[in-house]
1. Projected onto the charge dipole of the stretch 181-236 (+1 at Lys/Arg Cβ, -1 at Asp/Glu Cβ, origin at the Cα centre), which of Ala201, Phe219, Ala233 gives the Cα projection farthest towards the positive end?
2. Could you work out the relative contact order of the stretch 78-349, using alpha carbon pairs under 8 angstrom and six or more residues apart, expressed as a whole percent?
3. How big is the gap, in Å, between the Cα center of the stretch 272-290 and the Cα center of the stretch 1-68?
4. Using the Cα centre of the stretch 78-349 as the reference point, and only Cβ charges (+1 on K/R, -1 on D/E), how large is the resulting charge dipole? Debye, rounded to the nearest 20.
5. What number, in percent, do you get for the relative contact order of the stretch 1-108 if the mean sequence gap of Cα pairs under 8 Å and at least 6 apart is divided by its residue count?
6. At q = 0.13, 0.16, 0.18, 0.23 Å⁻¹, what is the log10 ratio I(q)/I(0) for the stretch 243-341, with the Debye formula run over Cα points and no solvent?
7. When the accessible area of the stretch 20-112 is computed with all protein chains present and a 1.4 Å probe, what percentage of it is carbon and sulfur?
8. Viscosity 1.306 mPa s, temperature 10 °C: what is the translational diffusion coefficient of the stretch 78-349 from Stokes-Einstein with a Kirkwood Rh over Cα pairs, rounded to a whole number of µm²/s?
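The values are calculated or read from the model by the stated rules, or taken from the named source; none is laboratory data. All values derive from a computational prediction rather than experimental measurement. Virtual Cβ from ideal backbone geometry, glycine too; neighbours counted across all protein chains shown. With ligands, DNA and RNA removed, areas are computed over all heavy atoms of the protein, side chains included. Shrake-Rupley method; radii C 1.70, N 1.55, O 1.52, S 1.80 Å.
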Amino acid sequence: MDDSKRPRIANVYRGTFIHSTQQTALQILEDELLGVDTDGKIAFTGRGVELDRLSQTFGFSPNEVIQLAQHEFFMPGLVDTHIHACQYSYAGTALDMPLLQWLKTYTFPVESHFKDLQFAHKVYSQVVHWLLKWVQVLSIDHRKPRLSCVALCKYDSLRFEKDNFGQRALVGKVCMDRNDSVKHYKETSQESQEETCRFIAELLKKKYPLVRPVVTPRFALSCTEALLGQLGAIAKNNNLHIQTVMAHGCYLSDEELVLFRETGASLAHCPNSNISLCSGMLNVRNVLNHKVKLGLGTDVAGGYSASMLDAVRRALDTSKVLTIQNPEYETLSFEEVFRLATLGGSQALSLDDQTGNFEVGKDFDALRVNVAAPGGPIDLFQGEDPKLYNYDTNGRFRFKVPS
């Protein structure tokens with residue numbers, strides 16, 4: 001390789017890598033090499049036996065390779081495609097009503113408290129702290145339509161960047177110019193448009209590489225057709241994502257799923273919230289059969305847990321309930337749900353050209369997991385074969401790790 005075209009390598013890792021591809025739901029790469037360049041992108045991958053050749057090709061010393069321990073592996077960061085940051089303060093409570101009553105009774109009143117910036121800072125810092133434990137890439141939907149939203153979103157973005165956490169985020173200022181249940185809790189179309197433009201300008205000025213603004217209509221019923229058209233124009237003029245990720249979708253018909261596929265719209269499967277608010281159960285198999293882009297979401301606070309691991313478990317549980325109801329239903333495998341939580345989420349957010357798995361050219365958004373860490377949540381048992389180990393994360397996730 002020509003030295004002038006060769007990427008500068010920052011780190012090279014060797015060990016076990018677990019990820020998904022479009023063809024394979026769960027791929028375990030043992031004794032794999034992965035090189036990361038100085039821009040944080042994956043420069044190469046290869047087998048361990050290719051170390052000498054790769055070191056010569058990419059100009060790094062074999063002595064500088066970072067070797068993972070026996071019980072460690074890399075996996076892609078988990079992707080939360082639907083979370084309400086300013087509902088976090090009452091997560092795990094107030095789940096005694098159906099959705100629309102729940103919004104009117106609990107959600108809208110709590111959101112009104114976010115005009116107090118000290119309260120907002122406290123809540124958002126806790127959200128970031130928790131999400132960083134397991135989520136690398138996420139979409140945050142700020143549920144505060146009016147004036148203080150710019151300051152709040154700016155602070156949240158600042159938290160990600162200032163502390164150098166390397167957290168990727170799509171941050172949206174929620175737009176809502178129609179609200180029949182709480183008539184005073186809405187904007188005019190003009191206010192919504194102006195606040196969205198101001199929010200975008202403030203965030204883009206920061207030039208954060210991983211935190212981007214996103215245009216966010218609350219949901220179709222809360223926005224007039226005129227506002228939706230204006231928001232579409234704003235997204236196009238600023239080359240931004242617009243949230244075409246529909247949460248839940250439990251009652252979509254086959255015809256509607258065809259329309260989703262044809263238009264490139266995505267779904268966020270939020271199984272915890274679906275059950276907690278008695279909203280329904282999504283037939284994920286049918287969505288996948290229609291080749292609609294699909295990821296997982298926590299939907300805090302409709303969902304009581306901000307953990308994407310919980311979303312993985314609840315997705316499996318929902319699939320099994322559907323199988324109980326219909327024994328001919330094809331239950332999801334944990335491999336398929338792993339893909340939904342990683343690559344599927346990045347595809348749903350149109351970020352799969354940047355993240356979601358360990359393909360060359362993508363950003364190295366990864367979790368380094370040590371299943372033998374003292375005091376960790378994983379019990380480790382050695383089987384009859386001393387080379388075979390089963391790793392069990394809260395009784396849900398098992399695979400072989402080489403000795």
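1. Going by the Cα projections, it comes out as Ala201.
2. Numbers: 499 pairs, mean separation 61.4, N = 272.
It comes to 23 percent, rounded to a whole number.
3. So the two Cα centres are separated by 38 Å.
4. Values: 30 positive and 27 negative charges, 183 e Å.
It works out to roughly 880 debye.
5. Relative CO of the stretch 1-108 lands at 26 percent.
6. -0.40, -0.62, -0.79, -1.29
7. The computed percentage sits at 50.
8. Details: Rh = 18.8 Å.
For these conditions, the coefficient is 84 µm²/s.
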